[in-house]
Amino acid sequence: MARITGSWLSGPSAALPNGADETKQSFRGERLGLQAEGPGSLASTGRRLAALMIDWVSSAGVAALIIGDDFFEGPFSTFTLLVWFVVGIATVSLFSFTPGQLFLGMQVARVDGPARVGFVRALVRQALLVFVVPGTITDIDGRGMQDRATGTALVRTR
């Protein structure tokens, strides 16, 4: 039983590849081949949350325009979630960033090569983010479960 619970109770270092030692990494993203600072480095948690808030508030504004005057009595939160979901999939698959990520100088990048993120990865990533919890559980690099599952990372562009 200790082995089963140790895999998820051991913290971010439990997500390391077999045989990897957490003391050998001098900065977040080193194992992924990313930069330590500046463009190409992993985005901080604060920056990620700020981008999410920008995306959510803008989605709420679009949902309010769709619903009209009675947005407090109607399915406002459902429309906000749908707009956020569709915008997230469309913009990440086409441009590799959401509007909030663009505003804060970040983009979603694949960790296995310089190729585009693509529709399927953007769809899976956004579907996992709908449940909130995958975004809050991070590995030793600070990547959420949605990034680990899709082989992506949120990196800085400036």
How do 143-150, 126-133 rank on mean C-beta neighbours within 10 Å, highest first?
-> 143-150, 126-133
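Taking the highest mean first, how do the peptides 111-124, 50-63, 85-98 order by number of other beta carbon atoms within 10 angstrom per residue? The partial results should precede the final answer.
Values: 111-124: 14.3, 50-63: 17.1, 85-98: 18.9.
Ranked by mean Cβ neighbours within 10 Å, highest first: 85-98, 50-63, 111-124.
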Within the set of other residues whose C-beta is less than 10 Å from the C-beta of L104, count the net charge using Lys and Arg as +1 and Asp and Glu as -1.
-> +4
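Any read-out appearing in this document is the output of simple, stated calculations on the displayed coordinates, not a laboratory observation. On a predicted model such as this, the values are computed, not experimentally measured, just so you know. No Cβ is skipped: glycine too gets one built from the backbone with ideal geometry, and neighbour counts run over all protein chains shown.
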